[in-house]
Amino acid sequence: MKPVAGRDADGGVSGDPGSMAGRTPGEPGRRSDALRELTARHGGHGGLSPAALERARAGTAEGPEAWAPQVAEAAGLPAAAGLGPATFFADLVTPRGERHVRVCTATACFAARGGEHLAEVERALGVVAGTVDEAGSTSLQTVHCLGYCYAGPAALDGTLPRTGPDLADQLGGRAEPRAPDIPAADTTGTPVLLAGIVGGHSAWDVWREAVAGLRPEDVREETGVSGLRGRGGAGFPVAAKWAAAAGKPDTVVVANGDEGDPGSYADRLLMEEDPERVLAGLALACFACGARHGTVLVRSEYPRAMARLRRAVERATRTGDLAPSVEAAGPRPFVEIVEGAGSYVAGEETALIARLEGARGCARPRPPYPTDHGLWDEPTVVNNVETLAALPWIVAHGGRAYASRGVPDETGTELVCLSERFARPGAYEVELGTSVDEIVTRFGGGLKNGSELVALQIGGPLGGFLAGTALHVPLTTAALAEQGAALGHAGMVAFDATTDPHELLEHVWEFAADESCGACSPCRVGTRRGLELAQGRGGPGETYERLTRLMSEASLCAFGRRVPAAVRSLARAYGPALEGWDR
Ligand code: SF4
């Protein structure tokens, strides 16, 4: 997702990101990290390389206990340094057979078949989810979103996508494999994000002209005038975040391609179909902040995006598109592409940094903010992929032109992703402020077979739900917040009358309990208690309000704080069917 006050994955800060308030006395703004200091003494960068754990996991079907301690010991670290991350990330902890299948159980795939596809796939493969068969030949892993929400239910057979209602037959070899490309369309007449995909404009041209004729402060100025806000969910002004880091030595920029919001596949579309725009945006952000290095974190559920980004970096380096920055970077590569390891919360910016450092992908308290002490303690700017993809257009056309798009307080355009239940599912670039009703009926064509839209989820599991009869809302953070929902990453998942509201309620709590990183008790315990109540079918009970208040007020990051609001909006969308859950 990336709800506005939610997952915090893009802006991820509240208040002044450069604030020095609340730091540890004696060593201003620096995190105390014994593990980092220990590994530094052993000559490492300060943590266990995630790649080392992944290499060890790839060679065995055994669980982390069998190999993670040795990886840590080889790096001169205690066993916990290996077991910590290896038992945290789904990709590392799940046993692997020679054939590894990942099946999506996230919201859009759940809506497509009411979740029945999982049991069908288990039967077709002869293996239970989360296990490997006795021969060690086939393993099955459930994941929360593969980015095929427009065609689900979906699975990855190795790295090969399979989609459709006959998913189990495809995986069992009884039906032709199918995985359509993302349908994408511009509704604005002047695409920003789809300028390359539907308009054929090269983003590298903008980068070359910027390096030749602009100063970093010019790019910062135009971006400030544009009003561009982070598209990862938090909606923090991009120029303000850059200003907090700009000019500090050793600043790095991280492109957040960990699009964990089930229901959104905008980042996958951009990374796969126009990786040059993402890289040019990253180069512009580095230029604006004075950063010599950029990193793109791509979720492991997007293997094609990973491959295409890597090829785009090689191509750009060869052709000289990245030349000015490669020279500035010295012997280290200017852009590094790093793979995620299967965690929703690891898309939150402090958790993402922890993941890049080889730790468990848990959110960290702020301050210190990443713009002061981020990746390896260096000033770090984390911008979402869709945010970066808007920069070439802004630099080419000017901040004022971008600010004239959308609505005054929320400028520009957004990629809205419609789920499989729609008559015309796909990714649509729309002006911010477009009516949700227009998106659903005019662009999406309503639901398949004229089915009634009962509820619409916007912004992922922690975003929010609108009743199908209450869609006359402008697509803006502010307007959706008034309805108890959130824009998030602008994924829209439609539910028709075939979805049981109680099963959907359970699905939301199950997602929250599965993906809570466990770093703080209100969220770790609260999500499990919420799931128990949802499974009990006896209603939420008298203590439920206390539970949701505790989660909302005391959770460490926006994930735990946002769950109760998402459940409340679901209950309001379904009315009497979910009585009592709207507290
Ligand atoms: S356990 Fe705490 S830190 Fe972790 S996701 Fe939940 S709220 Fe965030």
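The values are calculated or read from the model by the stated rules, or taken from the named source; none is laboratory data. Worth saying up front: this structure is predicted, and the values here are computed from it rather than measured. Here Cβ is always computed from backbone atoms with ideal geometry, including for glycine, and neighbour counts include all displayed protein chains.
Here are some residues: R546, R583, R568. Which one is of a type in the set (K, R), closer than 19 Å to L456 by Cβ and either more than 16 Å from the ligand (Cβ to nearest atom) or assigned to a helix (DSSP H, G or I) (or both)? I'd like the intermediate steps shown before the answer.
Details: R546 fails: closer than 19 Å to L456 by Cβ; R583 fails: closer than 19 Å to L456 by Cβ.
Every option except R568 fails the conditions.
Given (1) of a type in the set (D, E); (2) more than 18 Å from the chain's Cα centre (by Cα); (3) part of a helix (DSSP H, G or I), where does D514 come up short, assuming only one miss?
The one condition D514 does not meet is (2).
One residue is enough: does the stretch 321-339 have a residue meeting the conditions more than 16 Å from the ligand (Cβ to nearest atom), β-branched (V, I, T) and surrounded by fewer than 20 Cβ atoms within 10 Å (Cβ to Cβ)? Reasoning before the result, please.
Taking the stretch 321-339 as the starting set, the residues that turn out to be more than 16 Å from the ligand (Cβ to nearest atom) are 321-339.
Still in the list and also β-branched (V, I, T): 326, 335, 337-338.
If we keep only those that are surrounded by fewer than 20 Cβ atoms within 10 Å (Cβ to Cβ) as well, we get 326, 338.
The answer is yes, given that some residue of the stretch 321-339 is more than 16 Å from the ligand (Cβ to nearest atom), β-branched (V, I, T) and surrounded by fewer than 20 Cβ atoms within 10 Å (Cβ to Cβ).
Out of curiosity, is L194 part of a loop (DSSP other than H, G, I, E, B) and either of a type in the set (D, E, K, R) or in contact (Cβ under 8 Å) with a residue 60 or more places away in the chain (or both)?
On the way: part of a loop (DSSP other than H, G, I, E, B): yes; either of a type in the set (D, E, K, R) or in contact (Cβ under 8 Å) with a residue 60 or more places away in the chain (or both): yes.
Taking the combined requirement at face value, the residue satisfies it.
So how many residues does the stretch 409-451 have that are within 15 Å of L475 (Cβ to Cβ) and at pLDDT 95 or above? If you could, list the steps in order and put the result at the bottom.
Of the stretch 409-451, the ones within 15 Å of L475 (Cβ to Cβ) are 409-418, 427-444.
Those still in the list that are at pLDDT 95 or above too: 410-418, 427-444.
Of the residues in that region, 27 qualify.
Restricting the search to the stretch 367-404, which residues are surrounded by fewer than 21 Cβ atoms within 10 Å (Cβ to Cβ), among the charged types (D, E, K, R) and assigned to a loop (DSSP other than H, G, I, E, B)?
Result: E378, single match.
Which one of these does G232 not meet: (1) closer than 30 Å to F465 by Cα; (2) surrounded by fewer than 17 Cβ atoms within 10 Å (Cβ to Cβ)?
(2)
Mind checking which residues of the stretch 480-511 are under 15 Å from G468 (Cα atoms) and either in a strand (DSSP E or B) or within 16 Å of the ligand (Cβ to nearest atom) (or both)?
Answer for the stretch 480-511, where residues must be under 15 Å from G468 (Cα atoms) and either in a strand (DSSP E or B) or within 16 Å of the ligand (Cβ to nearest atom) (or both): M492, V493, A494, F495.
Quick check: anything in the stretch 91-107 in a helix (DSSP H, G or I), small (G, A, S) and either out of contact with any Leu (no Cβ under 7 Å at 6 or more places or on another chain) or in contact (Cβ under 8 Å) with a residue 24 or more places away in the chain (or both)?
Restricting attention to the stretch 91-107, the residues satisfying the condition of being in a helix (DSSP H, G or I) are 91-93, 107.
Among the residues that remain, those that are also small (G, A, S) are: none.
No; the residues of the stretch 91-107 include none that is in a helix (DSSP H, G or I), small (G, A, S) and either out of contact with any Leu (no Cβ under 7 Å at 6 or more places or on another chain) or in contact (Cβ under 8 Å) with a residue 24 or more places away in the chain (or both).
Check whether at least one residue in the stretch 290-303 is part of a helix (DSSP H, G or I) and farther than 30 Å from A106 by Cα, and report yes or no.
The initial filter retains those residues of the stretch 290-303 that are part of a helix (DSSP H, G or I), namely 303.
This time we only want the ones that are farther than 30 Å from A106 by Cα, so: none.
No: zero hits.
Of the residues that make up the stretch 545-552, is at least one outside the structural domain of C145 (by TED's automatic domain parsing), within 25 Å of the chain's Cα centre (by Cα) and among the basic types (K, R)?
Kept after step one, since they are outside the structural domain of C145 (by TED's automatic domain parsing), are these residues of the stretch 545-552: 545-552.
Applying the additional criterion that residues be within 25 Å of the chain's Cα centre (by Cα) yields 548, 551-552.
This time we only want the ones that are among the basic types (K, R), so: none.
No, the stretch 545-552 contains no residue that is outside the structural domain of C145 (by TED's automatic domain parsing), within 25 Å of the chain's Cα centre (by Cα) and among the basic types (K, R).
All but one of (1) assigned to a helix (DSSP H, G or I); (2) in contact with a Gly (Cβ under 9 Å, 6 or more places away or on another chain) hold for P249; state the number of the condition that does not hold.
(1)
Just checking, which of E410, E414, E431 is surrounded by fewer than 24 Cβ atoms within 10 Å (Cβ to Cβ) and touching a Leu at 6+ places or on another chain (Cβ under 6 Å)? Let's see the steps before the verdict.
Working: E414 fails: surrounded by fewer than 24 Cβ atoms within 10 Å (Cβ to Cβ); E431 fails: touching a Leu at 6+ places or on another chain (Cβ under 6 Å).
Result: E410 is the single residue among E410, E414, E431 that is surrounded by fewer than 24 Cβ atoms within 10 Å (Cβ to Cβ) and touching a Leu at 6+ places or on another chain (Cβ under 6 Å).
Do we have any residue at all in the stretch 465-480 that's in contact with a Pro (Cβ under 6 Å, 6 or more places away or on another chain), of a type in the set (F, W, Y) and touching a residue at least 24 places away in the same chain (Cβ under 8 Å)?
To start, the set of residues in the stretch 465-480 that are in contact with a Pro (Cβ under 6 Å, 6 or more places away or on another chain) comprises none.
No, every residue in the stretch 465-480 fails to be in contact with a Pro (Cβ under 6 Å, 6 or more places away or on another chain), of a type in the set (F, W, Y) and touching a residue at least 24 places away in the same chain (Cβ under 8 Å).
Filter the stretch 190-219 for residues that are among the small types (G, A, S) and either outside the structural domain of G320 (by TED's automatic domain parsing) or surrounded by 20 or more Cβ atoms within 10 Å (Cβ to Cβ) (or both) and give the result. Reasoning before the result, please.
Just the residues of the stretch 190-219 that are among the small types (G, A, S), to begin with: 195-196, 199-200, 202-203, 210, 212-213.
Matches in the stretch 190-219: A195, G196, A203, A210.
Within the stretch 126-178, work out how many residues are small (G, A, S), crowded, with 24+ Cβ neighbours inside 10 Å and within 18 Å of A341 (Cβ to Cβ).
1
Mind counting the residues in the stretch 204-244 that are in a strand (DSSP E or B) and on the phi > 0 side of the Ramachandran plot? So that I can check it myself, show each step before the final result.
Residues of the stretch 204-244 that are in a strand (DSSP E or B), as a first pass: 229, 237.
Adding the requirement that they be on the phi > 0 side of the Ramachandran plot leaves none.
Residues flagged as in a strand (DSSP E or B) and on the phi > 0 side of the Ramachandran plot within the stretch 204-244 amount to 0.
Let's see how each residue does on (1) of a type in the set (D, E); (2) assigned by TED's automatic domain parsing to the domain that holds D377; (3) farther than 20 Å from A179 by Cα; (4) in contact with a helix residue (DSSP H, G or I) (Cβ under 9 Å, 6 or more places away or on another chain):
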| residue | (1), (2), (3), (4) |
| --- | --- |
| V225 | no, yes, yes, yes |
| L228 | no, yes, yes, yes |
| R231 | no, yes, yes, yes |
| V253 | no, yes, yes, yes |
| R268 | no, yes, no, yes |
| D274 | yes, yes, no, yes |
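For the stretch 272-294, which residues satisfy the criterion of being in contact with a strand residue (DSSP E or B) (Cβ under 6 Å, 6 or more places away or on another chain) and surrounded by 22 or more Cβ atoms within 10 Å (Cβ to Cβ)?
Of the stretch 272-294, the ones in contact with a strand residue (DSSP E or B) (Cβ under 6 Å, 6 or more places away or on another chain) are 282, 285-286, 289, 291, 293-294.
Listed by number, the residues that qualify are L282, A285, C286, C289, A291, G294.
How about the stretch 512-536: which of its residues are small (G, A, S) and either more than 13 Å from the ligand (Cβ to nearest atom) or surrounded by 17 or more Cβ atoms within 10 Å (Cβ to Cβ) (or both)? Steps first, answer last, please.
Our first condition is that a residue be small (G, A, S); within the stretch 512-536, this holds for 512-513, 516, 518-519, 521, 526, 530, 534, 536.
Within the stretch 512-536, A512, A513, S516, A519, G526, G530, A534, G536 meet the criteria.
Within the stretch 416-429, can one find any residue that is among the hydrophobic types (A, V, I, L, M, F, W, C), part of a loop (DSSP other than H, G, I, E, B) and on the phi < 0 side of the Ramachandran plot?
From the stretch 416-429, those among the hydrophobic types (A, V, I, L, M, F, W, C) are 416-418, 422-423, 427; that's our starting set.
Right, trim to part of a loop (DSSP other than H, G, I, E, B) and you get 423.
Then keep just the ones that are on the phi < 0 side of the Ramachandran plot; that gives 423.
Taking every residue of the stretch 416-429 in turn, at least one turns out to be among the hydrophobic types (A, V, I, L, M, F, W, C), part of a loop (DSSP other than H, G, I, E, B) and on the phi < 0 side of the Ramachandran plot.
Return the pair list, or none, for Cβ contacts closer than 8 Å from residues in the stretch 495-508 that are among the small types (G, A, S) to residues that are in a loop (DSSP other than H, G, I, E, B), at least 6 apart or on different chains.
Here the result reads A497/S451; A497/E452; A497/V454, each pair linking the stretch 495-508 to a residue that is in a loop (DSSP other than H, G, I, E, B).
Out of the residues in the stretch 106-125 that are crowded, with 24+ Cβ neighbours inside 10 Å and of a type outside the set (A, V, I, L, M, F, W, C), state the one that is nearest to G464 (Cα to Cα).
T107
I need a count of the residues in the stretch 134-164 that are in contact with a helix residue (DSSP H, G or I) (Cβ under 8 Å, 6 or more places away or on another chain), farther than 27 Å from V345 by Cβ and part of a loop (DSSP other than H, G, I, E, B).
Count: 1.
Pairs needed: first member in the stretch 532-551, under 11 Å from G580 (Cα atoms); second member anywhere, assigned to a loop (DSSP other than H, G, I, E, B) and of a type in the set (D, E, K, R); C-beta distance under 9 Å; at least 6 residues apart or different chains.
Partner pairs satisfying both residue conditions: G539/E579; P540/R583; Y544/R583; E545/R583.
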